[in-house]
Amino acid sequence: MPDSQQLTPDGQLKHLLTLDGLPSRILTQILDTAETFMDVGERDVKKVPLLRGKAIFNLFFEASTRTRTTFDIAAKRLSADVVTLNIAASAQSKGETVLDTIANLSAMHADMFIVRHSQSGAAHFIARHVAPHIAVVNAGDGRHAHPTQGLLDVFTIRRYKGAFHNLRVAIIGDILHSRVARSQIHALTTLGVPEVRVIAPRTLLPAGVEQMGVHVFHDMKAGLKDVDVIIMLRLQNERMKGALLPSAQEYFKQYGLTAEKLALAKPDAIVMHPGPMNRGVEIDSEVADGVQSVILKQVTYGIAVRMAVMSILLGPTAS
């Protein structure tokens with residue numbers, strides 16, 4: 001994806017569609033901006049007037065409670081007018097095309113579309129067809145990308161670990177079907193993490209994953225040795241075709257994160273999961289709820305990160 005679709009001629013963020021190809025200065029700008037919003041949720045009045053009068057449309061062609069809710073809260077905390085549409089149950093069922101939907105909503109003076117879609121590339125397609133003043137944020141498209149999740153994950157890592165240049169990060173599980181994993185890998189490598197590991201059975205790894213700059217492991221024992229950050233991924237059963245795994249029990253035995261396996265990592269390693277979790281399949285409850293888990297913090301930080309993205313795209317200094 002050429003950067004020209006995401007960046008203005010002077011290098012400012014125009015849309016957020018993927019983290020692939022975005023320079024580290026843009027990622028750092030988003031993380032630094034998110035830091036400034038961290039205290040908003042602690043206030044009595046959880047609002048800043050930054051985007052007052054702006055109209056933001058959440059277009060979810062695919063169901064998602066957590067992502068949709070955090071985008072909704074983030075926009076409202078910036079004082080924007082927010083409309084959330086479950087397109088899957090409305091326009092699409094009437095035979096209306098995506099571009100018809102976009103054209104109608106644009107006529108209602110939209111400033112931003114947050115787009116989630118089951119087809120890879122949907123957000124890019126919409127970004128090519130909107131008016132120049134409208135920003136598009138990809139909230140997850142097929143197996144391709146989930147940039148705000150990748151950003152909130154690296155924001156979480158930075159909050160707990162301070163810097164990226166001395167870390168070992170392991171991403172474990174269904175890499176093949178995970179748009180989150182792709183965004184995480186792009187963010188981590190761009191921000192200078194020297195060693196990103198992926199740990200998964202061969203059936204759940206995309207072909208040529210090594211070309212993304214990661215070290216591949218099939219064995220948890222070897223892969224978890226001395227890592228600083230562990231990111232567990234959800235098994236995406238709804239995207240799997242055919243029998244890629246023998247059973248959930250067997251998967252948990254080999255690749256589920258237990259206290260015993262966690263002990264192989266560094267003593268201060270943090271445990272992350274983009275959610276929703278399958279307890280007893282990817283992660284043991286003892287670990288998910290344990291002292292090294294930062295899973296609920298990820299959700300909290302996600303609001304600040306999404307506020308940062310919206311404010312950079314639509315705020316007073318946005319072009």
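The values are calculated or read from the model by the stated rules, or taken from the named source; none is laboratory data. Note that this is a predicted model, so its numbers are computed, not measured. Glycine gets a Cβ as well: all are built from the backbone with ideal geometry, and neighbour counts include every protein chain shown. For accessibility, only protein heavy atoms count, side chains too; no ligands or nucleic acids. Shrake-Rupley method; radii C 1.70, N 1.55, O 1.52, S 1.80 Å.
Structural remarks
- Search result, residues across region 4-13 that are in a loop (DSSP other than H, G, I, E, B) and farther than 13 Å from His124 by Cα: Thr8, Pro9, Asp10, Gly11, Gln12
- Those residues of region 112-123 which are of a type outside the set (S, T, N, Q) and either within 15 Å of the chain's Cα centre (by Cα) or surrounded by fewer than 21 Cβ atoms within 10 Å (Cβ to Cβ) (or both), in sequence order: Ile114, Val115, Arg116, His117, Gly121, Ala123
- Strands (runs of 3 or more DSSP E) wholly inside region 153-223 containing at least 3 residues that are at pLDDT 95 or above and open to solvent by less than 40 Å² (accessible area, probe 1.4 Å): 168-172, 195-199
- Cross-chain or 6+ apart pairs with Cβ under 7 Å, region 117-139 first and farther than 19 Å from Gly150 by Cα, then among the hydroxyl-bearing types (Ser, Thr, Tyr) and open to solvent by 30 Å² or more (accessible area, probe 1.4 Å): Val130/Ser106; Ala131/Ser106; Ile134/Ser106
- Whenever a residue of region 249-268 is under 24 Å from Lys161 (Cβ atoms), its partners that are in a loop (DSSP other than H, G, I, E, B) and open to solvent by 60 Å² or more (accessible area, probe 1.4 Å), lying with C-beta atoms within less than 8 angstrom and at least six residues away or across chains, give the pairs Leu264/Lys225; Ala265/Lys225; Ala265/Asp226; Lys266/Asp226.
- Conditions (1) open to solvent by 20 Å² or more (accessible area, probe 1.4 Å); (2) under 15 Å from Thr67 (Cβ atoms); (3) at pLDDT 95 or above; number of the one not met by Val309: (1)
- Selection count where residues are small (Gly, Ala, Ser), under 19 Å from Gln254 (Cα atoms) and in contact (Cβ under 8 Å) with a residue 60 or more places away in the chain, scope region 172-208: 1
- In the set Thr97, Thr33, Thr67, Thr101, only one residue is surrounded by 15 or more Cβ atoms within 10 Å (Cβ to Cβ) and at pLDDT below 90; that residue is Thr101.
- Selection within region 267-282 - surrounded by 15 or more Cβ atoms within 10 Å (Cβ to Cβ) and part of a loop (DSSP other than H, G, I, E, B): Ala269, His273, Pro274, Gly275, Met277, Asn278, Val281, Glu282
- The set of residues in region 14-31 being of a type outside the set (Lys, Arg) and either more than 17 Å from the chain's Cα centre (by Cα) or in a loop (DSSP other than H, G, I, E, B) (or both) consists of His15, Leu17, Thr18, Leu19, Asp20, Gly21, Leu22, Pro23.
- Any hit, region 73-94, residues being part of a helix (DSSP H, G or I), at pLDDT below 95, within 19 Å of Ser311 (Cβ to Cβ) and of a type outside the set (A, V, I, L, M, F, W, C): no
- Qualifying residue in region 15-24 (condition: open to solvent by 30 Å² or more (accessible area, probe 1.4 Å) and at pLDDT below 90): no
- Annotation note: Cβ proximity below 8 Å between a residue of region 58-70 that is in contact (Cβ under 8 Å) with a residue 12 or more places away in the chain and a residue that is open to solvent by 40 Å² or more (accessible area, probe 1.4 Å) and of a type in the set (S, T, N, Q) (sequence gap 6+ or interchain) occurs for Asn58/Thr84; Phe60/Thr84; Phe60/Asn86; Phe61/Gln92; Phe61/Ser118; Glu62/Ser118; Ala63/Asn86; Arg68/Thr84.
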